[in-house]
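Here the structure comes first, spelled out in structure tokens, and everything after it is commentary.
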Amino acid sequence: MNTGAFVCSCGGSCDIDLETVREGVSGVDVVASSELLCQDGRDAMSKVIDGYDLDQLIVTTPEPSCQDRIRSLADDHGLHPDATQFVDHRETNAWVHGEAEATEKTARLINAKQAGLQHEAITRSVSKDAGNRVAVVGDADAATSLTEAADVTLIADGREFAEVEGLGDVTVERGRVVGVDGSFGEFELTLEARVTDDCIDCMACVHEGPDGMVTEYPVDIHPDAPEGEWPDCCPTDAIDLDGVTRTVEFDQILYPGGRDDARGGRLGYYTGPVDAGTIAAVESQLGGIEKPQFLDLEMDVCAAGASSQEGCTACVDACPHGAVDRPTIDSVEFDQTACQDCGACTSACPTGATMLREPSNERIAREVEALLEGDEADGGLLSRGTAPAIDTQVVAFVCSEYAAERLRAHGRRAARSDDDLDYPPILPVRVNCTDTVGEAHVMHALAAGADGVAIVGCGGSCLHSGPDPKRDLVDRLNRATQDLGLGERVGFFAPEAGTPESFVEAISGFVEFGLDETPVPAGDYEATGRIDADWGTERANPSFDSHGWTLESVRTILDHVDPDREVIRGLKDFGLMEVNDACTLTPTCTNLCPTDAIRRTGEGELQFNHERCVNCGLCEEGCPETAITMETGLNLGLLPENRDGESWQTVHEDEMMECVRCGKAFTSVASAEKIAEEVGEVVAGLAPESEHSVFEYCGDCRSHLLFDQGGRR
């Protein structure tokens with residue numbers, strides 16, 4: 001693929017040195033610049049595209065109208081619609097930074113964009129068929145607005161609609177909503193009413209019933225209606241003051257006053273105020289939906305559970321949209337059409353069973369590495385014999401929704417006002433949502449030489465996880481970086497609409513006063529996303545899974561620091577096993593462990609591999625003797641590099657029982673004694689001619705023993 005980078009100074013409104021930017025860009029076939037690229041520069045740009053036979057363009061313009069002109073030019077040359085990528089050199093760059101910093105940042109952003117494009121995912125789609133059945137709860141106006149396109153049912157929910165006009169094409173159902181289950185195309189509404197389907201709408205109860213307690217259309221009775229003789233007025237005995245429930249199926253539900261257990265809302269289930277956008281969203285999904293596939297799933301490495309035992313619950317707990325469910329206690333199921341691409345499940349998953357397709361973890365890693373420059377001695381791309389203009393290198397994972405919009409708005413305000421809204425040149429990596437960011441992303445940025453990591457999200461207006469969604473992550477990782485001897489290196493920031501001053505103050509304080517220079521060098525690190533290369537640990541997990549990627553990053557950091565503690569706290573994907581004397585060496589834990597981090601030896605030892613453990617808790621949950629306790633933390637002393645290459649640690653020992661017939665060690669003494677205690681009386685007398693208990697024979701010899709003595713009887 002031939003790639004060209006094109007740099008613009010927007011008619012001189014951006015203080016960047018075009019020549020220095022060109023010198024700082026690497027990894028592309030050509031770099032060209034113009035003071036007004038989207039206007040006078042297009043003819044020259046066209047010649048460059050033809051001259052270098054370009055099929056990928058990276059252009060510095062954040063302005064939508066300029067982007068449209070560039071896309072039109074690319075289309076004229078027959079380029080793919082997605083072949084033009086853009087970099088913001090203005091609102092979040094030159095308009096809020098000094099010239100030297102903005103110049104260097106622009107080149108780094110182009111390099112990062114090019115590095116990321118090498119790992120862009122192939123587009124795939126998912127689809128789900130659905131019908132046109134829409135339930136609208138309590139809102140007649142919304143119901144009538146959907147009748148031309150959908151099969152609409154208005155759920156009365158205790159309201160009176162006798163005087164409402166325009167409901168001729170709407171089915172009106174009595175009952176109050178007491179439950180909502182299911183997903184897009186398969187929703188179930190549970191309704192409770194005090195009037196059964198035997199009602200003939202004779203109005204007798206409306207006239208005879210207590211005032212204000214009986215609705216006329218549809219006929220229903222308030223749950224607090226008093227008992228008495230008045231229900232006897234019904235000629236069909238359709239009144240049931242105890243309430244009757246029924247379940248009705250719909251493809252989508254519009255419930256303005258409802259609540260959703262999914263924090264960020266579910267596909268096809270709308271609980272907020274109804275507006276034109278809500279109606280349009282419902283109509284767009286009638287008949288079904290086709291959308292991009294956001295996740296790659298490798299369920300063979302999932303640690304959700306086994307053998308009716310619950311294990312890791314990370315993805316179910318993390319998903320804010322109800323797109324991950326537990327059909328059974330030991331499994332999870334993903335609804336790809338309900339997925340909203342926030343990445344919460346992927347950053348929470350320790351094993352890589354669910355991975356975000358775009359941007360993938362590898363793409364994020366390559367962008368981070370390209371953003372971070374080494375000093376002069378390391379041959380930094382922009383140093384050219386001088387110190388880099390960006391002194392403190394802070395990688396900023398920026399939410400592509402409200403946070404990105406607000407940062408651009410801050411930049412526009414800085415350009416038009418005399419207010420000092422400049423802030424340090426943070427190095428942005430765009431993510432779908434800050435939910436995408438987990439401990440692996442942050443630790444990798446620090447391993448690549450970042451002085452700090454800023455997570456820039458939407459705060460209280462987050463469309464997915466709610467207010468300050470990364471507070472726990474920031475607290476955990478600052479604990480980990482302190483234990484590693486780096487001090488606190490991570491912060492969460494939420495720019496607010498219309499008030500850039502608070503963000504400028506917070507990010508400036510973090511960068512300028514909160515961070516020392518990292519001891520980890522930048523500029524030459526490239527992660528593999530794996531941990532099995534150095535120590536021969538064979539793992540089925542995909543590259544850049546959270547556990548493996550985090551551990552690789554920690555090991556890189558450890559080459560340059562002196563940790564304050566042996567056990568690094570705050571890293572959730574690492575477990576420490578303790579086993580008490582109740583253990584009888586049953587094979588339960590070894591069979592359940594999804595990462596093969598537990599094994600039994602023939603010498604009566606239970607061994608644990610800390611490097612492999614993802615802290616799913618399955619062994620602790622499934623242990624029949626409740627002998628296992630798991631704690632969270634990365635114990636550096638248990639890693640093979642600190643134990644002469646030995647990955648396995650003995651956590652429990654017991655004497656092995658040898659078969660009295662063949663001499664083979666077949667179980668632990670404790671296990672045999674426990675079984676004998678529990679079922680000894682039941683099997684007593686099975687082998688009366690033997691001098692030994694049946695429990696002293698291995699399985700094979702026990703079978704021969706019982707067969708032989710049974711034949712003689």
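Quick note: the coordinates plus some simple rules give every number you see, no bench work behind them. This structure is a prediction, so every number in the text was calculated from the model and none was measured. A quick note on method: Cβ atoms are made from the backbone with ideal geometry, for glycine too, and the neighbour counts reach across all protein chains shown.
Protection proxy ranking of 304-312, 692-700, by the mean of other Cβ atoms within 10 Å over each peptide's residues and highest first, is 304-312, 692-700. Taking the Cα centre of the chain as origin and assigning +1 to Lys and Arg Cβ atoms and -1 to Asp and Glu Cβ atoms, the resulting dipole is close to 1500 debye.
Using all pairs of distinct alpha-carbon atoms, the Kirkwood hydrodynamic radius of the chain works out to 30.1 angstrom.
Just report the Cα centroid separation between segment 268-341 and segment 1-62, whole Å. After rounding, the separation between the Cα centres reads 41 Å.
Out of all Cα-Cα pairs in segment 274-423, roughly what percent, to the nearest whole number, are more than 18 Å apart? Counting every Cα pair in segment 274-423, those more than 18 Å apart make up 73 percent. Computed packing ranks the peptides 562-573, 335-346 as 335-346, 562-573, most packed first, by mean other Cβ atoms within 10 Å.
This ranking places Asp654, Asp220, Asp422 by how few other beta-carbon atoms lie within 10 Å of each, fewest first, which gives Asp422, Asp654, Asp220.
When you work out D = kT/(6 pi eta Rh) for segment 1-118 at 37 °C and 0.692 mPa s, using the Kirkwood radius from C-alpha pairs as Rh and the Stokes-Einstein form, the result is 237 µm²/s. Between the alpha-carbon centres of segment 122-143 and segment 402-452 there is a gap of 35 Å.
When you restrict to C-alpha pairs under 8 Å that are six or more residues apart and normalise by the size of the chain, the relative contact order lands at 10 percent. Charge tally around Gly622: other residues with Cβ under 10 Å, Lys/Arg +1 each, Asp/Glu -1 each, net -4. Principal semi-axes of the equivalent ellipsoid, √(5λ) from the alpha carbon gyration tensor of segment 129-289, are 30, 16, 13 Å from largest down. Counting only DSSP beta bridges whose two residues both lie in segment 72-202, roughly 40 percent are antiparallel.
What the Cβ-Cβ distance of Thr236 and Glu160 gives, at R0 = 22 Å and to the nearest 0.05, is a FRET efficiency of 0.55. Residues His410, His119, His610, arranged from fewest to most other Cβ atoms within 10 angstrom of their Cβ, appear as His119, His610, His410. Note on segment 129-209: Cα-only Rg and Dmax are 13.9, 47 Å.
Measuring against 29 Å, Cα to Cα, the residue pairs Lys47/Lys113; Lys113/Lys572; Lys113/Lys291; Lys105/Lys470 contain Lys113/Lys572 as the ones spanning a longer distance. Annotation: lysines with alpha-carbon distance below 22 angstrom to Lys664 (same-chain offsets under eight excluded): Lys674.
Of the peptides 88-97, 267-276, 430-439, 62-71, the order by per-residue mean of other Cβ atoms within 10 Å, starting with the highest, comes out as 430-439, 88-97, 267-276, 62-71. Using alpha carbon centroids, what distance separates segment 212-258 and segment 73-94, in Å? Measuring centre to centre over Cα atoms gives 59 Å. Taking 0.36 nm per residue of sequence separation and removing the Cα-Cα distance, the Val178/Asp198 pair yields an extension gain of 5.1 nm.
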